[in-house]
Amino acid sequence: MEVCIGEVHGKPVMLEVRDGIVFIDGVPEPIKDLGEEELRDFQATLDALPRNDEEGHAALVNARRAAFIAALLGKAVGDDCVARLTDILDHVHYEVLKYLGETGEEDGF
């Protein structure tokens with residue numbers, strides 16, 4: 001099972017569980033206790049989001065992705081894995097903040 005957990009520089013970041021091993025963009029990552037069922041549940045959560053408008057839907061998807069990645073951080077083992085997930089989380093969170101108009105850029109800083 002493979003799901004998109006975010007976009008970094010316009011490129012989708014794919015998380016997959018294959019034979020009990022977690023991969024992010026094809027690279028094995030030490031994330032413990034993550035199974036295909038959790039990925040299916042996450043994808044079902046994304047699929048159930050209302051599709052009222054494009055920007056609002058994208059913000060909701062990114063908010064759900066951020067929550068999922070935050071949960072993955074609790075299962076990640078090692079500094080490199082945590083750093084990779086944190087980088088993805090930063091990008092996803094920024095997109096939510098941009099939708100909300102809370103990036104600080106609108107204040108002229």
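The values are calculated or read from the model by the stated rules, or taken from the named source; none is laboratory data. All values derive from a computational prediction rather than experimental measurement. In this analysis, Cβ positions are derived from the backbone assuming ideal geometry, glycine residues included, and neighbour counts consider all displayed protein chains. For the accessible areas, the whole protein counts, side chains as well, though only heavy atoms, and no ligand, DNA or RNA atoms are used. Shrake-Rupley method; radii C 1.70, N 1.55, O 1.52, S 1.80 Å.
Mind grabbing the accessible area of Val77 for me, 1.4 Å probe, Å², rounded to tens?
Solvent-accessible area, nearest 10 Å²: 80 Å².
Using Cα atoms only, what is the angle between the long axis of helix 79-100 and the major principal axis of the chain, expressed in degrees (0 to 90) to the nearest 10?
30 degrees
Please give the net charge around Thr86, taking every other residue with its beta carbon less than 11 angstrom from that of Thr86, where Lys and Arg add +1 and Asp and Glu add -1.
-3
So, for the chain, what is the accessible surface per residue at a probe of 1.4 Å, expressed in square angstrom?
60 Å²
Under a 5 Å amide H to amide H cut-off, with H placed in plane at 1.01 Å, what residues pair with Glu7 once short-range neighbours are removed?
Hits under the 5 Å cutoff: Val13.
From the phi of every residue in the stretch 2-17, what ³J(HN,Hα) in whole Hz does the Karplus formula 6.51 cos²θ - 1.76 cosθ + 1.60 yield, where θ is phi - 60° and glycine or proline is x?
Working through the residues one at a time gives 9, 9, 8, 9, x, 10, 10, 6, x, 10, x, 9, 9, 10, 9, 10 Hz.
What FRET efficiency, computed as 1/(1 + (r/R0)^6) with R0 = 30 Å and r the Cβ-Cβ distance, is obtained for Asp19 and Glu54, rounded to the nearest 0.05?
0.25
Per-residue HN-Hα couplings for the stretch 32-39, Karplus 6.51 cos²θ - 1.76 cosθ + 1.60 at θ = phi - 60°, whole Hz, x for Gly and Pro?
With coefficients 6.51, -1.76 and 1.60, one gets 8, 6, 10, x, 4, 4, 5, 5 Hz.
Need the full-extension length gain, Thr103 to Thr45, defined as separation in residues times 0.36 nm minus the C-alpha distance. One decimal, nm.
18.3 nm
Using a cut-off of 12 Å between beta-carbons, work out the net charge of the residues near Pro28 (Lys and Arg +1, Asp and Glu -1, Pro28 not included).
-3
Residues with amide H under 5 Å of Val22's amide H, sequence separation 5 or more or different chain, H placed in the peptide plane at 1.01 Å from N; which?
Under 5 Å from the amide H of Val22: Glu29, Ile31.
Using a basic spin-label model with each label point 7 Å from the Cα along Cα→Cβ, how many nm lie between Cys4 and Glu36?
The modelled label-to-label distance comes out at 2.2 nm.
Out of Leu100, Ile24, Pro50, whose Cα points farthest toward the positive end of the dipole of the chain (charges: +1 Lys, Arg; -1 Asp, Glu; placed on Cβ)?
Ile24
Let me make sure I get this right: for the chain, a, b and c are the square roots of the gyration tensor eigenvalues over alpha carbons, sorted descending. Under 1.5 in a/c it's rounded, otherwise prolate if a/b > b/c, else oblate. Which is it?
oblate
May I ask for the angle, rounded to the nearest 10°, between helix 54-73 and the longest principal axis of the chain, with both axes built from Cα atoms and the value confined to 0 to 90°?
Approximately 40 degrees, to the nearest 10.
At a 1.4 Å probe radius, carbon and sulfur cover how many percent of the accessible area of the chain?
Percent of accessible area from carbon and sulfur atoms in the chain: 51.
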